[in-house]
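Below is one structure; the comments refer to it alone.
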Amino acid sequence: MVHQKKDFCFSSIIKICVIFLLKTSICDTARIQGQFQTDDFFKFIMKFGFQRIESHSASPREDSLGMGYIFGNITSKYNFTESVTLAVLDKRNFENYYRAQHNFPKDVACQKMFSRLKAIAYESQCFPHGRKDYLRKVPCPIGQLCVDEDAQANVVPGNQFTYVISDLRQPRFWYLSMVACYLNKTSCEWQHYDPKKISNRVPSDQQTTIDFDIHLVNGNPNESAFHPLVYQFSFDKQNLLEMYLIFLLVYIVLVPIQIYAVRLQKHPVTKLFTISLVAEFVSLIFETVHFGYYAVNGIGDTDFETAGDILDIFSRTTFMLILLLLAKGWAVTRQQISRSGWIILMSIWIPYCAFHVLLYIWDRTEVDIMSDSDEYQTWPGWIVLILRTSFMMWFLYELRNTMKYEHSTKKLDFLLHLGASSLVWFIYLPIVAIVALQVNAMWRYKLLLGITNSADCLAYCVMTGLLWPNRAGQYLLLAGPNFSAMDELDEFNEAPHIIRERERQRTSLDSTTSTNNGSSIMVEEDIGDSGLILNGDVSTELLNGDDDIDTDFLTDLNKKSHIIA
């Protein structure tokens, strides 16, 4: 029943996530196609990071290869009485422009939005002294250049307008948007475009609709020598395709090895780990396919991207569940976990999964476009980090309890290695999230993604080695489900420290107990209501204390135990 509830919850979360992302994923592409309704007043189109070009000591052709370009077509099926405005602004100028859109009435909003741009943005009639080419009047005449384009040679062939971005100091984000404001040529003041007031008639919905198809690239589209792996990508996402290809090659080797291992040793731990590993591998395949398409057309495959992100979340959360189960001694010192143990575990693990998906949706839909914050600088992100840290503390607590009552040196060695490697895996993300606060937003996303994927890949490699059949057979319980003849061993394994303490007390009162060669001594010990009787030399060895316990024999007992936690 617990597993059914978990599967239902997770499938519901996936459906919600896919619906949200399919509605909003278009903003992540370097080629944007859509419509702008002037009744909406303002439409943010995209935020794109342009790279820094080299110094002008190189040839002009080499300089142009490193410049950023924005080009495309913006048209309407109907004639507009006045043109609205397309604006391409850097962050410093966009911030005031973006915040002022919420003013009312809209004429005031238009004046405040462009108040700072009057002194710097070029306009041939009203602001001829402006030095920045920020604005375009749209829509453009069908089949012709936009009215602000005065030189055919400066426009990318097949397009109506072109912006050239040349940042010499550092990479920067630029913001592309359209607003229903127009420049009154008589007063040189910005006014709200309201076709009802201008034409004294009520226009149809189509008469307020503008269609656009815009490309944003790093490199000169007129040259064939641009770098194909960075051309379509915003600067903060360049080289991601190469990174995914490298990790994909690692998993292409790792996954078949693990599948071979799980076929040799069919065990619940290795099966669950194989599911987590395969999910991560498929996630990488989807992400690589998406970024491969993106490098070609600037759009990619958003369905593959969404599926890859969801599988990645599933893989990481499942891996965390495996670590917690191992820390509780599942399949190491006990075959089963009690019903109450499962309820507690699922009541914490499922909300963690839900918050992880919520963080993903929040990062894609709710983060302010002006914010340079990453996903772990939002409140869902902080909750995920707090929950992850809590899981780490819980993991250490359970691992300590399991190691405290374990006698097998081989199992203790396994648990020690598991604890050391898992502690690094748990703690790296909170540390990296804090360090990322000091990293420039242009490099932060690649840093977080690179470290996260590297840590996960290393964790999977370590776990594959720890669970390899030749080693895992020494500390994993491989016995079958029939344990009807082992009831008396359950009591021993449930509380070995109690038996040792009682034996110490018995030894202090009875100093006559001894063993002789070839003799058999009956030792009777009443343990509660169980009436457990341990006979012969073996029981004497087990109860003589820590130093006399035969660890090989205990290992054999543990292999056959099926303790209920």
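The values are calculated or read from the model by the stated rules, or taken from the named source; none is laboratory data. Note that the structure is predicted; figures quoted are calculated from it, not measured. Heads up, the Cβs are rebuilt from the backbone with ideal geometry, glycines too, and the neighbour counts pull from every protein chain shown. Each accessible area value is taken on the protein alone, full model and side chains, heavy atoms only, with ligands, DNA and RNA left out. Shrake-Rupley method; radii C 1.70, N 1.55, O 1.52, S 1.80 Å.
Averaged over its residues, the stretch 333-425 has an accessible area of 46 Å² per residue, based on protein heavy atoms and a 1.4 Å probe.
Placing R0 at 35 angstrom, the Cβ-Cβ distance between Ser340 and Leu396 gives a FRET efficiency of 0.95 after rounding to 0.05. Summary of the geometry: the stretch 124-152 and the stretch 383-425, compared by the centres of their Cα atoms, lie 64 Å apart.
The modelled label-to-label distance for the pair Ala420/Asp90, using points 7 Å beyond Cα in the direction of Cβ, is 5.1 nm. Working note: Karplus 6.51/-1.76/1.60 with θ = phi - 60° gives the stretch 373-382 the couplings 6, 8, 4, 8, 10, 10, 5, x, x, 5 Hz, where Gly and Pro are set to x. Between the beta carbons of Thr389 and Gln35, assuming R0 = 56 Å, the FRET efficiency works out to 0.80 to the nearest 0.05. Taking amide H positions as modeled 1.01 Å from N, with prolines and chain starts lacking one, the residues under 5 Å from Ile165 and 5 or more places away or on another chain are Gly68, Tyr69, Ile70. Computed from the alpha carbon atoms alone, the convex hull of the stretch 313-418 holds 102 Å³ per residue.
For the residue pairs Lys43/Lys112; Lys47/Lys197; Lys112/Lys237; Lys47/Lys112; Lys47/Lys196; Lys118/Lys237, the C-alpha atoms sit more than 28 angstrom apart in Lys47/Lys197; Lys112/Lys237; Lys47/Lys196; Lys118/Lys237.
For the stretch 318-369, the direction-averaged projected area of the alpha-carbon convex hull comes to 4.2 nm². Counting Lys and Arg as +1 and Asp and Glu as -1 over every other residue whose Cβ lies under 11 Å from the Cβ of Gln377, the net charge comes to -3.
Between Glu149 and Lys404, the contour length at 0.36 nm per residue exceeds the Cα-Cα span by 84.1 nm. Near Thr85, the amide H atoms lying under 5 Å from its own belong to Val138, Val179, Cys181; only residues 5 or more places off or on other chains count, and H is placed 1.01 Å from N. Distances between placed amide hydrogens fall under 5 Å for Gly300 paired with Tyr294, all partners being 5 or more residues away or on another chain. Other residues with beta-carbon under 14 Å from the beta-carbon of Thr270 carry, at +1 per Lys or Arg and -1 per Asp or Glu, a net charge of +4. The packing ranking of peptides 268-275, 361-368, highest mean first, is 268-275, 361-368, where packing means the average number of other beta carbon atoms within 10 angstrom of each residue. Each 10 Å bin from 0 upward holds the following percent of the Cα-Cα pairs of the stretch 255-357: 14, 34, 31, 15, 5, 1. When peptides 451-459, 67-75 are ranked by their average number of other Cβ atoms within 10 Å per residue, the highest-first order is 67-75, 451-459.
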